[in-house]
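Reviewing the structure listed below.
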Amino acid sequence: MKKNYTKVTAAVAGVSLMAAVLLPLTATEAVAARWISGKEQKEAAAKPQTELTEEAAVPAYKLLGGESEVQAVEEAVVVKANGETEQVTVVEPADEPVKVEMVPAEELNSLQRQVETNQKVWLLDPVLVLKNAAGQYGFNDKEDTFTLLSADRTQGIAKVLVGHGNKYYLAQLKQPGGAGSTKIWQVVSIQQVKTVVKNPPVSGGNVDIGPGVEGLDYNKAIKWQQDVDAGRDRWRLNPLEVARQEGKAYGFTDQDGFSIIRQYSGTSLARHGQIDMEVKHDGRIYTMILVKPFGGGDAIWTIYKVTGPVKPVPQPETPVPGEKILYSTNKYAAWKWYDDRYLQDMAFKAVVTASDIKENDVLADKLQMVDYRNKLVLAAYLGTAGGGYDIGIEKAVLSGNQLTVQVHTKSPPSRRDDDEKYHLPC
């Protein structure tokens, strides 16, 4: 059996006399443990958290109050192979939808795992999913047009408009493994539709103002569009880069997380395109709405509105690509550590072979029957302590050849803590 896990890093999160877990791991050659002291932990917890305030949020833009209901429109600017564009509106179905057979669950799970390890990442884009399978549906990935109408990553549904010859087809996709920005897409149906070209084709460099976005400062938008047309500030064509650059006026930073949750080719708010983006800032979640003020050609994106923060909805924990959660529990979440320091004989131990257990080891009786050919025992000792103290192993995460173990601890409140809790006189 190959032994390839060479490092264990332990991080104390919060406290026990002794706790142990048994993990299905290949035996470890060498183990190194690192503890974070109670003082370091308290200092991290006491670090001030900054919040986005309305004053700091919008020196350049007006923050619009209230949520207005917007409806997606099945309309898109289609860019043809010769570079010309046309505004295409879906009017009604021209035929019954043809259902696409679902990929077997085992194959879907395999594809999802590949994406999580940075393989076949095109499966995260509904347009590319359809384009890569174009031949299966009678399309031509070189000559046909594939235009995203909408993608809702909170519901796991998307629509793509396909131009094939002089006909248009509406393809519907969904995320069979659950909604989210890290879940793959699959085609579920294709339907021929009747369409109307609303305006003559325009060449790639021109823009169409059309219906404006209510409340948007078009004096600035026109200047930005002119700069882009002149070859400057081309980042305004990339919605993620616009969110990062313009988001600084709202207090966001490059360290924040930006992810697209909904995308439309047009809505009742912004006929030329709208993107709803989730921004994670200092543990809070904000919603950023970006719009295209103009249509056709190289049209810019800009921020229309920022709302939040909202309380994050608990989600099942998903390892980052390359990570695997080997053990996890939340039963120690309410534990707190009140002491200024940890006990002097506190220790962490990884038991790789039976020879690692000494005769006087407290684990000796409990671990005699363990098969160390495919098991690894992790043990955390709080040390010598009285009542009210405890320790528990909360999580073990494997990333490459490094295993990180999170330990949670608790201690009884000090007299001062009790006094503050019950407001007792000194």
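The values are calculated or read from the model by the stated rules, or taken from the named source; none is laboratory data. Nothing here was measured: the structure is a model prediction, and the numbers come from that model. Note that each Cβ is placed from the backbone with ideal geometry, even for glycine, and that neighbours are counted across all protein chains shown.
Computed quantities for the displayed model
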quantity	calculated
Test: residue in the range 126-140 that is at pLDDT 90 or above and within 22 Å of Arg271 (Cα to Cα)	yes
Index of the failed condition, Thr154 passing every other in (1) more than 18 Å from the chain's Cα centre (by Cα); (2) assigned to a loop (DSSP other than H, G, I, E, B)	(1)
Qualifying residue in the range 112-121 (condition: closer than 25 Å to Gln191 by Cβ and in contact with a Pro (Cβ under 6 Å, 6 or more places away or on another chain))	no
Arg113 being modelled with pLDDT of 90 or more and over 27 Å from Ser268 (Cα atoms)	yes
Enumeration of residues in the range 102-120 that are of a type in the set (A, V, I, L, M) and either surrounded by fewer than 15 Cβ atoms within 10 Å (Cβ to Cβ) or not in a helix (DSSP H, G or I) (or both)	Met102, Val103, Ala105
Any hit, the range 367-380, residues being surrounded by fewer than 18 Cβ atoms within 10 Å (Cβ to Cβ), assigned to a strand (DSSP E or B) and under 38 Å from the mean Cα position of the chain (by Cα)	no
